[in-house]
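Below is one structure, written out as structure tokens, with a few remarks after it.
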Amino acid sequence: MATPSAQQLVGDALAAAQNSDGGFGYYPGKASRVEPTAWAALTPQPAAARARAWLAGAQSTDGWVRDDRRAPVNYAFNALSAIALLVTPETRAEAERIGDALLQVRGVAYPPSPVVRQDNSLQAWSWVEGTSSWIEPTACCLLAVKRARTLGLLDRATHTAGARIDVAERMLRDRACASGGWNYGNAQVFDAHLLAHVPTTALALLAVQDRRPAPYVESGLRFLAAQSSVERSGFALALSTLCLRRYGQPTDRLMALIAAQLPVSVPLANVVTLATLSVVLSDADEALAPFTVAT
Amino acid sequence: MSDAARPRNYGTHGTGAATGRRQFLATAAGALVAAGCGSRPYDPRQFPRPERSAVGLFAADGYTDALADIVYRGLAELAPPVHGKRVLLKPNMVEFERDSAINTHALVVAAAADALLRLGAAAVIVGEAPGHRRDVEYLLGVTGLLDQLADRRLTFVDLNHDDVVWSPLRSRFMGFGELALPATLVGADLIVSMPKLKTHHWAVLTCGMKNLFGTVPGAVYGWPKNVLHVAGIDNAILDLAATIRPHFTIVDGIVGMEGDGPIMGRPRHVGVIAMGQDVVAVDATCARVIGIEPMRVRYLAEADRFLGHAGLARIEMRGEPLARFATSFVLPPSLREVTAG
């Protein structure tokens, strides 16, 4: 586990970034936004409670959490908000409303293409309305729906949730890279195999943690175990650590790399990075609970 | 999913003329649709153009310390006044693969920052909104840009996650009235597009205009700015270039990318830095350098009608002659009809 000084360093940086309204911008001094606030709400930091309150306050009557009325609703960030609001019983009703809304939306389907040899009919989750399904929003939404069901929610929509989970898992299986793991989008274009990315792979693996030992899951896990020490950033290292712990894999080496990376990560002060670091630097047993789904 | 399965659409034609970028962005009611613009998706009166646009080609064999003087010479000869200005450098930093040529080289960015400060710029900020990787800490580190910024105490702004300003679009090829743009971009006195010279398997060429995709905030539109793809890549390139109107363009064509660009292609040495105020003219010149006929690139042909000059007769060449660098990049098979000759 990390030294208390590392936890303190990250916790202080996170606390300093919190806006007076309780929310967080992506960087200190920036306007409060949904995604960084959701990640901050998932930390074991004192700031998390007010962050959750900000998220609940930003929820519209249609269920969506928004930071800008003119911007399209972001499904991935709403999924993160749902996961964060599921942490405490007091905000689970808000989380379930997001879950209901997520079950009603999907990415656009396209006909088969010789350029991108994949199943374009699979409608998982897109970032925003009217666009294609991508790995990160699909992983976040899938994890949110599974987490809600783990807590006994979304039972009114059991059939719909089951169907959406099935499509999302098929999409992730279809888009898995030849190397194992996931690019942010396609696995190949013009017959060229695309690179798998560590953060998207970690998110996707969290979303399919209940599907071991499916080959595409095991392949992704091997990729992450091998590559997680190669992509040096606080965010990639923290997400990898979080994911590998959920899979019961050793993370001592990653924790050492995180300690070495902190002098870079903390001054850059990206709140999403600080929050993910805060989660994995925590000794608290419950720190990983929001990312756990029933198998 | 990719754009390949999507129908592309293109705007109608027109000619035309402009007001200042910042003035326009600050005018909420701006957009186009002015009386008399007919079916054209822009108001020609907003896009005045010079008779001819100057483009400089400067020889640079490699990524060395000599770049600072080369870029300084180009800026001194071709750039608008920079003294006292707050300048935003917008390199292309989208993905990373070792031994590839995906991104604007960190030493070119550093050279531009040094030259601008030497010319009296009040501040130089580097900003990018990567279209593939969201994790700028990783990209900054692995590309070497973080070290260059630290050496110069320069600020980097993560444009994907900046505060946004809703900005009316000066043209409507996409059919949108406005777009969220990073506050740092809108607040800059001078914007310098700093692309890598690459082929692009959907847009043919990615250079100064296409580089502006990397100003669109992913935190609003998602990655890889798929909203823009759905609206048509060429349309998006035109609307972004017409709205942002970079004041200057510096192209890293020392080692470009041919083949399956902008990510999976092969590095190709060209040995050139291209510069100029008219991004259309710079892009058209770079297209000619790598053997692409610019008028066969749809967004360049369209931009030539109102935004800048792509035709050779309207471009005044400075620096080295184009023939010194002229080559022929390998294109993906689907794009070979656009090659010159």
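The values are calculated or read from the model by the stated rules, or taken from the named source; none is laboratory data. Keep in mind that this is a model prediction, so the values were computed, not measured. All Cβ positions, even for glycine, are placed from backbone atoms using ideal geometry, and neighbour counts span all protein chains on display. The area values use the complete protein model at the heavy-atom level, side chains included, leaving out ligands, DNA and RNA. Shrake-Rupley method; radii C 1.70, N 1.55, O 1.52, S 1.80 Å.
Using R₀ = 25 Å, calculate the FRET efficiency as 1/(1 + (r/R₀)^6) where r is the Cβ-Cβ separation of A:Ala16 and A:Ala284; round to 0.05.
0.70
Could you give me the ³J(HN,Hα) list for the stretch A:259-265, computed from phi with Karplus coefficients 6.51, -1.76, 1.60 and θ = phi - 60°, whole Hz, x at Gly and Pro?
Result, rounded to whole Hz: 4, 6, 7, 3, x, 8, 5.
Past the 26 Å Cα-Cα mark, which pairs from A:Lys30/B:Lys90; A:Lys30/B:Lys196; B:Lys85/B:Lys225?
Correct reply: A:Lys30/B:Lys196; B:Lys85/B:Lys225.
Looking only at other chains, what is the average number of their beta-carbon atoms within 10 angstrom of each beta-carbon in B:226-235?
Counting other chains' Cβ atoms within 10 Å and averaging over B:226-235 gives 3.
Taking R0 as 45 Å, what FRET efficiency do you get between A:Ala259 and B:Ala313 from their Cβ-Cβ distance, rounded to the nearest 0.05?
0.15
Amide H of B:Ile292 versus every other amide H placed in the peptide plane: which residues, excluding those fewer than 5 positions away on the same chain, fall under 5 Å?
Those qualifying (amide H under 5 Å, at least 5 residues apart or on another chain) are B:Ala340.
Would you report the distance distribution of C-alpha pairs in the stretch A:161-295 as whole percents per 10 angstrom bin, up to the bin with the largest distance?
All Cα pairs considered, the percentages come to 12, 42, 33, 12, 1.
Quick check on the stretch B:56-338: what are the equivalent-ellipsoid semi-axes from the Cα gyration tensor, as sqrt(5λ), descending, whole Å?
23, 23, 19
Using only protein heavy atoms and a 1.4 Å probe, how much accessible area in total is buried between A and B, to the nearest 100 Å²?
Approximately 3600 Å², summed over both chains.
Taking every pair of Cα atoms in the protein assembly as shown, average 1/r, invert it to obtain the Kirkwood radius, and report Rg/Rh to two decimals.
0.96
In terms of modelled amide H atoms, which long-range or inter-chain residues lie less than 5 Å from the amide H of B:Ala188?
none
Taking the Kirkwood radius as the inverse of the mean 1/r across Cα pairs, report the Rg/Rh of the stretch B:255-295.
0.99
About its Cα centre, how strong a charge dipole does the stretch B:56-338 have in debye, to the nearest 20, once Lys and Arg get +1 and Asp and Glu get -1 at the Cβ?
Using Cβ point charges on Lys, Arg, Asp and Glu, the stretch B:56-338 gives about 460 debye.
List the longest stretch of chain A that has no exposed loop site; here a site is one of the trypsin sites (Lys or Arg not before Pro) assigned by DSSP to anything other than H, G, I, E or B, with at most 12 other Cβ within 10 Å.
With a cap of 12 other Cβ atoms within 10 Å, the longest stretch comes to A:71-295.
Roughly to the nearest percent, how much of the accessible area of chain B is carbon and sulfur, given a 1.4 Å probe?
Of all accessible area on chain B, carbon and sulfur atoms account for 51 percent.
Using the alpha carbon gyration tensor of the stretch B:88-166, what are the three equivalent-ellipsoid semi-axes (square root of 5 times each eigenvalue), largest first, in whole Å?
Here the semi-axes work out to 20, 17, 10 Å.
Label B:Arg324 and B:Ala66 with points 7 Å out from Cα along Cα→Cβ: what is the distance between them in nm?
Output for this residue pair reads 1.1 nm.
Mind giving me the nanometre distance, one decimal, between the label points for B:Trp166 and B:Asp151, set 7 Å out from Cα along Cα→Cβ?
Those two pseudo-labels are separated by 4.4 nm.
If you take every residue apart from A:Leu268 with its C-beta less than 9 Å away from the C-beta of A:Leu268, what net charge results, scoring Lys and Arg +1 and Asp and Glu -1?
Result for the neighbourhood of A:Leu268: -2.
Pick out, in residue order, every one of the trypsin sites (Lys or Arg not before Pro) in the stretch B:141-188 that is DSSP loop and has at most 11 other C-beta atoms within 10 Å; say none if there are none.
When the trypsin sites (Lys or Arg not before Pro) of the stretch B:141-188 are filtered for loop state and at most 11 Cβ neighbours within 10 Å, B:Arg153 remain.
Roughly how many nanometres apart are two label points built 7 Å out from the Cα toward the Cβ at A:Thr292 and A:Ala214?
2.2
How fast does the stretch A:4-291 diffuse by Stokes-Einstein, in µm²/s, taking the Kirkwood radius from C-alpha pairs at 10 °C and 1.306 mPa s?
Rounded to a whole number, D works out at 84 µm²/s.
Which whole-number percent gives the relative contact order of chain A, counting Cα pairs below 8 Å spaced six or more residues apart?
20
Scan chain B and report its longest stretch carrying no GluC sites (Glu not before Pro) that are both in a DSSP loop and have at most 15 other Cβ atoms within 10 Å.
Looking at chain B, B:98-341 is the longest stretch - no exposed GluC sites (Glu not before Pro) with at most 15 other Cβ atoms within 10 Å.
How big is the convex hull of the Cα atoms of the stretch A:109-206, per residue, in Å³?
It comes to 91 Å³ per residue, whole-number rounded.
Take every Cα-Cα pair in the stretch B:61-199 and report what % of them are more than 23 Å apart.
Summing the P(r) tail past 23 Å for the stretch B:61-199 gives 37 percent.
Go ahead and run the numbers for FRET between A:Asp155 and A:Ser60, Cβ-Cβ distance against an R0 of 22 Å, rounding to 0.05.
Between A:Asp155 and A:Ser60 the formula returns 0.40.
Through the Karplus equation 6.51 cos²θ - 1.76 cosθ + 1.60, θ set to phi - 60°, convert the phi angles of the stretch A:282-295 into ³J(HN,Hα) values in whole Hz; use x for Gly and Pro.
For the stretch A:282-295, the Karplus curve yields 6, 8, 5, 4, 7, 4, 8, 4, x, 9, 9, 10, 5, 9 Hz.
Scan the stretch B:58-102 for trypsin sites (Lys or Arg not before Pro) in coil per DSSP, keeping those whose Cβ has at most 15 other Cβ atoms within 10 Å, and list them by number.
Here the trypsin sites (Lys or Arg not before Pro) that fit, given the DSSP loop and packing criteria, are B:Arg98.
To check you understand DSSP bridge types, tell me what percent of the beta bridges within the protein assembly as shown (both residues inside) are antiparallel, rounded to 5.
Of those bridges, close to 60 percent are antiparallel.
Just counting partner chain Cβ atoms within 10 Å, what average do the residues of peptide A:111-118 show around their Cβ?
Counting Cβ atoms of other protein chains within 10 Å of each residue's Cβ and averaging gives 3.
Using the heavy atoms of the protein chains alone and a 1.4 angstrom probe, what is the accessible area of the protein assembly as shown per residue in square angstrom?
34
Using amide H atoms built in the peptide plane, which far-off residues or other-chain residues are under 5 Å from A:Glu231 H to H?
Counting only residues 5 or more places away or on other chains, the set is empty.
Which ³J(HN,Hα) values, rounded to whole Hz and listed in residue order, are derived for the stretch A:152-168 from phi using the Karplus coefficients 6.51, -1.76 and 1.60 in 6.51 cos²θ - 1.76 cosθ + 1.60 with θ = phi - 60°, glycine and proline given as x?
With the stated coefficients, the stretch A:152-168 comes to x, 9, 6, 5, 5, 10, 4, 5, 4, 4, x, 5, 5, 4, 4, 5, 5 Hz.
One-quarter of the Cα convex hull surface for the stretch A:1-65, in nm²?
Mean orientational projected area (the stretch A:1-65, Cα hull): 4.6 nm².
Sum up the charges of everything whose Cβ sits under 13 Å from the Cβ of B:Glu320, counting Lys and Arg as +1 and Asp and Glu as -1, but leave B:Glu320 out.
+1
Take the Cα coordinates of the stretch B:275-328, assign each an equal point scatterer, and use the Debye formula without solvent to give log10 I(q)/I(0) at q = 0.16 Å⁻¹.
Calculated log10 I(q)/I(0) at the listed q: -0.41.
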